[in-house]
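The values are calculated or read from the model by the stated rules, or taken from the named source; none is laboratory data. No experiment lies behind these values; they were computed from the predicted model shown. When we count neighbours, we look across all protein chains shown, and the Cβ atoms used for this are built from the backbone with ideal geometry, even at glycine. Remember, those area values only see protein heavy atoms, side chains included, never the ligands or the DNA or RNA. Shrake-Rupley method; radii C 1.70, N 1.55, O 1.52, S 1.80 Å.
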Amino acid sequence: MTQSKIRNFSIIAHIDHGKSTLADQLILHTGGLKKREMKEQVLDNMDLERERGITIKAQTVRLQYKDESGEEYTFNMIDTPGHVDFTYEVSRSLAACEGVLLIVDATQGIQAQTIANVNLATQNDLAIIPVINKIDLPSSDPDSVKEQLEDILQIESDQAVLTSAKEGIGIDDVMNAVAQLIPAPTGDSEKPFKALLFDAWYDPYRGVIVLVRVVEGRLKAGARIRFMATDVEFDVEELGTFTPAQTVIDSLQAGEVGYIIAGIKEMGQTKIGDTITDANQPTKEALSGYKEAKPMVFSGLYPISGEQYEALRDALNKLKLNDSSFTYEPESSQALGFGFRCGFLGLLHMEIIRERLEREYNVDLLTTAPNVAFQVHSTDQSIVMLDNPAKLKEMRSIDHMKEPYVMGTIITPEEYIGVIMALARDRRGIQTKMEYLNPKTVLLQYELPFSEIVLDFYDQLKSTTKGYASFDYEFVDFRTSSLVKLDILLNGEVVDALSLIIHKDKAYFQGRELAKKLKTKIPQQMFEVIIQAAIGSKVIARETIKALRKNVLAKCYGGDITRKRKLLEKQKAGKKKMKTIGKVEIPQEAFLAVLRTDGK
Amino acid sequence: MNEQSFGLYIHVPYCIHKCGYCDFNSHPIKRDEMETYVSALIKEMTHYSQKFSSAGTVNSIFLGGGTPTTLSATQLARILEECKKQFNIAEDAEITLEANPATIGSDQLKSIRQAGYNRISIGVQSFDEEELKLLDRAHGVEEIHCTVDRARESGFSNLSLDLMFAIPNQTLDGWENNLRQALVKNPEHLSTYNLTIEKETSFGKLQSSGKLVMPDEDHQLELFKRTIDFLKENGFHHYEISNFARPGKECKHNITYWQNSNTLGLGAGASFYMNGIRSKNTNLPANYIREINKKHTAVEFSESLRPRQAMGETLMLGLRMLKGISIMKFEDRFQTSIRAIYGDVIASLKEKELITIEQGQLRLSKKGLFLANSVILEFI
């Protein structure tokens, strides 16, 4: 294939602006799939992705395009996830491209993630083609989106393509723009083979499948390749592309994107961002790669029944194979027994892992409230990362603690500035920027403690701005902070799994709210349950759940029996999902009570 | 209990009015449909009397509803006559008819009694005019007196009254006054039900919109306790969570349910339990009639219980009776030791003083009675 006819690109967009729908249309229009083969969002493989209407894992397809003059092009389209939790996947995909399609919803205009994505594309020196989508909707306003493109992003708007991916409008224009405006890849096919590993997953039949972008040289089946960072070698068994069906090809050369199967047994041997080269004729210099995604949110995952511990470990191990961004290590809790402390990119990532464990691996789980990782600085200058609040008590000679801060970007219609400022202040935010993007739209930037936004900031922002404000964030640094440990006691016993680390100014309020919340989440027991919140030995809140004194069905006759039994069976199933701590039975919801304690 | 016997239930799904709390299978009166309904009942009866010809004697017949007295005396007599023709009815069989005040006249009562019904259960619910209104009943206090007195005059020497407590705003004294008025009628049997609100009823909707507020649990419990004390003082035997009787007048038919013994149910929405299989008929009278005319049965749902489910049900029902269940009978029935299955549960419930085992009977303790559901849950 002629290198000059290859176009490697990604689609980037704020969530719900129509990325997957446009990808589907491009596949349909280039004949990658017949209409009857199209499922909606063909690139979203996981059930979860399709159910939630989101993309979690980037996917890649090769498409053939013939323009009006009969010129043939090969498009390598790399779909990207839209949620902020998965920003790292976006940067991974962009490293394999020369250009991007930047989708902007014509009814919503530029949003926080649009800006974040454009920044990523600019950093990677990529050509940007703006695509203004959803122009079929009555409320669409492509002209003002064009103005925003120029004013906010300094992107020339006359190149913008107008589409309705849903209705199939403007798809040819998009393909034409890709062919005309995105540069062909460069890179000498005659040089030693050098490729960027940008994705990998485990296939039970074939071993690890790696996705690569060839930078220089050429690769054929049978060649021996070396992974430069992990320093392992394999013989190439198969090369191919996804069209989107998996299609075997003879060779991959500079500028192309494709997969390699080489009998790789362990995911650990394939590091995302690694450089792959020819073992017999290696390249001199590895590619610079990019930084690894680090887990930001941590939570304890415990099997409801101890017998499922092994099953949980196996399931975590399998999930980890295809998701290097998530981490786990064994831990134990006085309250919950043996489990795992897991690290996630964000809350959505956590929910997805949790759901997959329960759904695909049939493990009944108890999840503790998520927390961020804190730095604990000792008087002897050592620094320890604390990913579980309960472990704080084991630490000696603490000098001070630091918590992670993020830079949050909010774009909002100006009438909501007031409520957003109040919200950010409440979350200990420090405003660093306020800029009118146009007379009606404002960009706000805040430095925020990550712990203040990780749980429900986004929901709060959406509800206080009727859904109009958008939000994106990136990690900045760790900062010294007055943090205390808030404990919850049930009938006088500390429940370690309910402890949290919190800013001291917020501890009293949070403690009271949490105790109140727990009162509604823990069912009545046959004895009184006293809930206390405490900082150190000082009790700051107390609630009582009265003992259950009456629980009796008035009637049970012939017609009721089956129904009542089924009702009891259901209750019994619910009871089995509760964890008994001391004598108190606690449902899963109680452990997540901290997620919604703002009382709003 | 004689293994070679069963109870027969017949459902009459018609009512002059659906009360706000009612979640039974009841439908508005349709005179022309009712005649075909009675014919369908008889067809269904014929089918099962042949199928279960060897099932033994019928110890009890219970016509429930809806309101059975929405049928004419002639129709009710015809049904009983057919039962007698088709089944082997025990000589001392208890034959109950449910009735609502204001649905039945003197003549009708007399002919029903003559037809062979020997027990009448009247849905009084309350002797307080305000409470009747609140409960959305179709009758007043005066009609209660009328109907009860007429039943006595017509020769019903076995009379049961249904009452309801925990009606919004009901005080302890108000409730005791209800009980007192009931006792004036000198009933052989009393059922006292804690008002329970089911989601899908019109009360359920009122409750979820905040327009109906139930008394708090503590007050409900006090009312329940007062019921037990008061009726015991007045010579009643508290034999099931919500049921009280003069000694010897316990409802045979309902005991059959609580012993989890065979019962055959006929009519729209009726349930039956015969030889380990539980089935239920379709609810809508019109569908029931159509099904019966087509194939003599109208079963909509049927399940054969696994041993563990059957054990759970036996305990769920048996523990409702204050004398509890006989461990020996349980073990005979399921051919296993009860401790092998429930040893841990029994030990922990005994430790919590929720159950007792005395003279081979496993029963709820006084404390356990008020927490019956929590106890039963452990056995499910």
(Q) Taking the condition of being within 7 Å of another protein chain (Cβ to nearest Cβ) and of a type in the set (Lys, Arg), how many residues in segment A:552-563 meet it? (A) 1
Q | Those residues of segment A:500-535 which are in contact (Cβ under 8 Å) with a residue 12 or more places away in the chain, of a type outside the set (D, E, K, R), more than 24 Å from B:Leu377 (Cβ to Cβ) and not in a strand (DSSP E or B), in sequence order | A | A:Ala507, A:Tyr508, A:Gln510, A:Gly511, A:Leu514, A:Ala515
Q) Taking segment A:203-237 as the region of interest, how many residues are over 15 Å from A:Gly268 (Cα atoms) and small (Gly, Ala, Ser)? A) 4
Q.
I'd like the residue in segment B:271-284 that is more than 7 Å from every other protein chain (Cβ to nearest Cβ) and among the small types (Gly, Ala, Ser) and, out of all such residues, is nearest to B:Lys329 (Cα to Cα).
A. B:Gly276
(Q) Restricting to segment A:107-120, name every residue that is more than 19 Å from the chain's Cα centre (by Cα) and touching a residue at least 40 places away in the same chain (Cβ under 8 Å). (A) A:Gln108, A:Gly109, A:Ile110
Q | Number of positions in segment B:153-176 that are without any contact (Cβ under 8 Å) to a residue 12 or more places away in the chain and outside any loop (DSSP other than H, G, I, E, B) | A | 1
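Under 30 Å from B:Gly267 (Cα atoms), without any contact (Cβ under 8 Å) to a residue 60 or more places away in the chain, within 14 Å of another protein chain (Cβ to nearest Cβ) and more than 37 Å from the chain's Cα centre (by Cα), is that true of A:Leu567?
Values: under 30 Å from B:Gly267 (Cα atoms): yes; without any contact (Cβ under 8 Å) to a residue 60 or more places away in the chain: yes; within 14 Å of another protein chain (Cβ to nearest Cβ): yes; more than 37 Å from the chain's Cα centre (by Cα): yes.
For A:Leu567, the condition - under 30 Å from B:Gly267 (Cα atoms), without any contact (Cβ under 8 Å) to a residue 60 or more places away in the chain, within 14 Å of another protein chain (Cβ to nearest Cβ) and more than 37 Å from the chain's Cα centre (by Cα) - is met.
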Q: Looking only at segment A:19-55, count how many residues are assigned to a loop (DSSP other than H, G, I, E, B) and modelled with pLDDT of 85 or more.
A: 0
Q | Given (1) open to solvent by 30 Å² or more (accessible area, probe 1.4 Å); (2) in contact with a strand residue (DSSP E or B) (Cβ under 6 Å, 6 or more places away or on another chain); (3) within 19 Å of B:Gly64 (Cα to Cα), index of the condition B:Ala286 fails | A | (2)
Q.
If I ask for residues that are open to solvent by less than 60 Å² (accessible area, probe 1.4 Å) and out of contact with any Pro (no Cβ under 7 Å at 6 or more places or on another chain), which ones from segment A:125-135 would you list?
A. A:Leu126, A:Ile128, A:Ile129, A:Pro130, A:Val131, A:Asn133, A:Lys134
**Q.** Where a residue in segment B:218-243 is not assigned by TED's automatic domain parsing to the domain that holds B:Leu364 and its partner, wherever it lies, is open to solvent by 60 Å² or more (accessible area, probe 1.4 Å), with Cβ under 6 Å and at least six apart
**A.** B:Leu221/A:Arg549; B:His237/B:Pro247
Q) What pairs can you find where one residue is in segment A:1-25 and without any contact (Cβ under 8 Å) to a residue 40 or more places away in the chain, the other is part of a loop (DSSP other than H, G, I, E, B) and surrounded by fewer than 24 Cβ atoms within 10 Å (Cβ to Cβ), and their Cβ atoms are less than 9 Å apart, with a gap of 6+ or different chains? A) A:Thr2/A:Ala184
Q. Can you spot a residue in segment A:357-368 that is under 25 Å from A:Ile209 (Cα atoms), touching a residue at least 40 places away in the same chain (Cβ under 8 Å) and of a type outside the set (D, E, K, R)?
A. yes
Q. Which numbered condition trips up A:Ile260, out of (1) at pLDDT 85 or above; (2) open to solvent by 20 Å² or more (accessible area, probe 1.4 Å)?
A. (2)
Q.
Go through (1) within 14 Å of chain B (Cβ to nearest Cβ); (2) surrounded by fewer than 17 Cβ atoms within 10 Å (Cβ to Cβ); (3) more than 30 Å from B:Met164 (Cα to Cα) for A:Arg549 and report which single condition fails.
A. (3)
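So that you can scan it fast, the table gives a plain yes or no per residue for (1) open to solvent by less than 10 Å² (accessible area, probe 1.4 Å); (2) not hydrophobic (A, V, I, L, M, F, W, C):
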| position | (1), (2) |
| --- | --- |
| B:Tyr9 | no, yes |
| B:Pro13 | yes, yes |
| B:Ile16 | no, no |
| B:Tyr37 | yes, yes |
| B:Ala40 | yes, no |
| B:Ala73 | no, no |
**Q.** Where A:Trp201 falls short, out of the listed (1) in contact (Cβ under 8 Å) with a residue 60 or more places away in the chain; (2) open to solvent by less than 20 Å² (accessible area, probe 1.4 Å); (3) outside any loop (DSSP other than H, G, I, E, B)
**A.** (2)
Q) Checking B:Asp218 against (1) touching a helix residue (DSSP H, G or I) at 6+ places or on another chain (Cβ under 9 Å); (2) within 11 Å of chain A (Cβ to nearest Cβ), which single condition isn't satisfied? A) (1)
Q: Mind counting the residues in segment A:565-587 that are open to solvent by less than 20 Å² (accessible area, probe 1.4 Å) and part of a helix (DSSP H, G or I)?
A: 2
Q) Looking at B:Ile255, B:Ile289, which is the one that is assigned to a helix (DSSP H, G or I), closer than 30 Å to B:Leu71 by Cα, aliphatic (A, V, I, L, M) and more than 13 Å from chain A (Cβ to nearest Cβ)? A) B:Ile289
Q) Hey, among A:Thr107, A:Thr186, which residue is under 26 Å from A:Gly255 (Cα atoms), part of a loop (DSSP other than H, G, I, E, B) and among the hydroxyl-bearing types (Ser, Thr, Tyr)? A) A:Thr186
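Kindly evaluate A:Ile540 against the criterion of being hydrophobic (A, V, I, L, M, F, W, C) and buried (at least 20 other Cβ atoms within 10 Å of the Cβ).
On the way: hydrophobic (A, V, I, L, M, F, W, C): yes; buried (at least 20 other Cβ atoms within 10 Å of the Cβ): no.
Against the criterion (hydrophobic (A, V, I, L, M, F, W, C) and buried (at least 20 other Cβ atoms within 10 Å of the Cβ)), A:Ile540 does not qualify.
Mind checking which residues of segment B:177-214 are part of a helix (DSSP H, G or I) and modelled with pLDDT of 95 or more?
Our first condition is that a residue be part of a helix (DSSP H, G or I); within segment B:177-214, this holds for B:177-184, B:202-208.
Hits for segment B:177-214 are B:Asn177, B:Asn178, B:Leu179, B:Arg180, B:Gln181, B:Ala182, B:Leu183, B:Val184.
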Q: Could you tell me which residue of segment A:541-564 is modelled with the lowest pLDDT, considering only residues that are more than 44 Å from the chain's Cα centre (by Cα) and assigned to a helix (DSSP H, G or I)?
A: A:Gly559
Q | B:Asn243 of a type outside the set (Val, Ile, Thr), within 13 Å of chain A (Cβ to nearest Cβ) and crowded, with 20+ Cβ neighbours inside 10 Å | A | yes
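Listed residues A:Val145, A:Val118, A:Val100, A:Val90; which is of a type in the set (A, V, I, L, M, F, W, C) and part of a strand (DSSP E or B)? Show your work before the answer.
Working: A:Val145 fails: part of a strand (DSSP E or B); A:Val118 fails: part of a strand (DSSP E or B); A:Val90 fails: part of a strand (DSSP E or B).
It is A:Val100.
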Q) In segment B:341-355, how many are more than 19 Å from B:Gln309 (Cα to Cα), of a type in the set (Val, Ile, Thr) and open to solvent by 40 Å² or more (accessible area, probe 1.4 Å)? A) 0
